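The values are calculated or read from the model by the stated rules, or taken from the named source; none is laboratory data. Computed from a predicted structure; not experimentally measured. Every residue, glycine among them, receives a Cβ derived from its backbone with ideal geometry; neighbour counts consider all protein chains shown. With ligands, DNA and RNA removed, areas are computed over all heavy atoms of the protein, side chains included. Shrake-Rupley method; radii C 1.70, N 1.55, O 1.52, S 1.80 Å.
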Amino acid sequence: MKQKDNKSLISPEIKNNEAYMKERLGVGVSFDLGFRDLTILKKKVQIYYLTGLCDSLIIQDLLEMLIKINDDESNSRKLHEIIENRLIHQQVTTIETMDEAVDQMLSGLIVVFINGEKNAFVIDVRSYPGRTPDEPDTERVVRGSRDGYTENIIENTALTRRRIRDARLRNEMLKVGERSKSDICVSYLQDIADDGLVNLIKEKIEAIEIDGISMADKTVEEFIIESKWNPYPLVRYTERPDVAASHLLEGHVIIIVDTSPSAIILPTTFFHHLQHAEEYRQAPTIGTFVRWIRFMAVFASMYLLPLWLLFVLDPTLLPKELSYIGPNEEGNISITIQIIMASLGIEFLRMAAIHTPTPLSTAMGLIAAVLIGQIAIDVGMFSPEVILYVSVSAIGAYVTPSYELSVANKLINLLLVILTGIFGLTGFIIGIVLHILYLVNLRSLRTPYLWPFLPFNPKAMLHIIFRIPVPYANSRPSIVHPKNNYRQPTHESKLT
């Protein structure tokens, strides 16, 4: 164990601690750094806090309690014990270094120094500003819970704990960022999650060296994942506590970053990004039907446009029954360029909708659909079939549950269109093969991205194709290497 630097130890001379706080934190300069200097039983007592992260009523109660000691007590030699007993808050700890005092104060805790003592009290009464746990916009369900993660890490862990009231659920807190000192929680079930996986994730987080992670979970993801330039998401984001809890029970590890309403699920595969909570809120038959429709939409978002372009360029590939496929009039621009322009136009509309106020976005959509689209067809820039197939492909992208996966599929779709437009059938086949090989070689924390399709696992693949009723889904996915593969509790586990 490393010895503590004498310069950072809390001094029994309270004026030294005051000078350190003023020099290090700028107490008296920054308006949000609260400071009170009290005299209790003829000894100096100082309180430091952040006004924006502490409830003012709690601070007032604390000051009243400390000042009341002058009326009720007289033994100044036991002031340390007296104050410790009067701090009736649920979390009170003792620290011995000034670095800890600074870190705790900046995290929203109250620090109390007593003259003549070589330690200080830290009181956890932080109250982070934030919103209520509303339903996430990107993961809505017809039936199901309406609460979702917020930007408050304490609330997020509580929402998860509410669904898994197991003594073996572990929420380990780590700090990242030399300046931001952001809180990161690593959640897992101790008797299920693989120790190697948990240790690997914690090692990667602890190895992060950066000033701050202002972009929260996305920055953490880029440090954890090795493939930096890969367009496909190798972690899964969720804002639903029930989805996170379900993955914890399977043996996954959850990472929650303070100031982010999303939790990171590790490890994940391509098929994890195609699942949605709605499938598990409906009957298994309906859930399976919804899942198949979603699979069709996702594959259409990737392969529909290049496949249609291939038939347009080489109509001999079509059987007679499908000879109607293809534009009757090509227009003034080649079909390949039309598809690329229309696809980029859809992206323009998507980005414009994000940055446009809600009351105006509806009007913008009508203008784009009625005026721009129709006029583009009338002047011969686009053929109607191009608008049709580009729209179907775009709808398939929006049906994809994972936003990150839908954007990656759009990029692959555009590349396949270019290859098919330049090289025809050869380009289409080579593009599809390269796409599949690329996905096969991807790894998410040493986990094959296309599992259970490649490497093939028939039992797990059955769970991908069908929404199996919960009583029959007794085993956990082998890809996470769970310690306990059987999901139903044994008699011994019930006793623990």
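Quick notes
- If you go through region 321-348 and keep only what is open to solvent by less than 70 Å² (accessible area, probe 1.4 Å), touching a Ser or Thr at 6+ places or on another chain (Cβ under 7 Å) and at negative phi, you end up with PRO327, GLN338.
- Residue match in region 302-320 (condition: in a helix (DSSP H, G or I), under 28 Å from the mean Cα position of the chain (by Cα) and either on the phi > 0 side of the Ramachandran plot or surrounded by 19 or more Cβ atoms within 10 Å (Cβ to Cβ) (or both)): yes
- If you go through region 164-221 and keep only what is assigned to a loop (DSSP other than H, G, I, E, B) and open to solvent by less than 20 Å² (accessible area, probe 1.4 Å), you end up with ILE164, GLY177, ILE192, ALA193, ILE208, ILE213, ALA216.
- Of all the listed residues (ASP37, ASP32), the sole one being at pLDDT below 90 and among the acidic types (Asp, Glu) is ASP32.
- Residue within region 24-33 that is more than 36 Å from the chain's Cα centre (by Cα), farther than 12 Å from VAL112 by Cα and aromatic (Phe, Trp, Tyr) present: no
- Here LEU38 fits the description: within 15 Å of VAL112 (Cα to Cα) and either open to solvent by less than 60 Å² (accessible area, probe 1.4 Å) or among the basic types (Lys, Arg) (or both).
- Residues that are modelled with pLDDT under 90 and assigned to a helix (DSSP H, G or I) were ranked within region 473-496; the one that is farthest from ARG168 (Cα to Cα) is HIS491.
- Selected residue (criterion: farthest from the chain's Cα centre (by Cα)) from residues of region 75-124 that are closer than 18 Å to GLU23 by Cα and open to solvent by 50 Å² or more (accessible area, probe 1.4 Å): ASP99
- Test: residue in region 257-271 that is more than 24 Å from ARG161 (Cβ to Cβ), of a type in the set (S, T, N, Q) and either open to solvent by less than 10 Å² (accessible area, probe 1.4 Å) or at pLDDT 95 or above (or both): yes
- Note on region 407-450: among residues that are among the hydrophobic types (A, V, I, L, M, F, W, C), more than 26 Å from ILE335 (Cβ to Cβ) and assigned to a helix (DSSP H, G or I), the one that is least open to solvent (accessible area, probe 1.4 Å) is LEU439.
- Any hit, region 8-21, residues being modelled with pLDDT under 90 and either exposed (fewer than 11 other Cβ atoms within 10 Å of the Cβ) or in a strand (DSSP E or B) (or both): no
- Members of region 130-161 found to be outside any loop (DSSP other than H, G, I, E, B) and either among the aliphatic types (A, V, I, L, M) or loosely packed, with under 13 Cβ neighbours inside 10 Å (or both), listed by number: ASP137, ILE153, ILE154, ALA158, LEU159
- Cβ-Cβ under 7 Å pairs, at least 6 apart or on other chains, region 89-102 side assigned to a strand (DSSP E or B), far side of a type in the set (Lys, Arg): THR97/LYS4
- Checking ILE47 against (1) closer than 15 Å to GLU117 by Cβ; (2) touching a strand residue (DSSP E or B) at 6+ places or on another chain (Cβ under 8 Å); (3) open to solvent by less than 60 Å² (accessible area, probe 1.4 Å); (4) in a helix (DSSP H, G or I), the condition it does not meet: (4)
- Any chance GLU117 is in contact (Cβ under 8 Å) with a residue 60 or more places away in the chain, outside any helix (DSSP H, G or I) and either of a type in the set (S, T, N, Q) or more than 16 Å from ILE254 (Cβ to Cβ) (or both): yes
- Residue in region 399-408 that is at pLDDT below 95 and at positive phi present: no
- Residue match in region 122-132 (condition: more than 21 Å from GLY52 (Cβ to Cβ) and touching a residue at least 12 places away in the same chain (Cβ under 8 Å)): no
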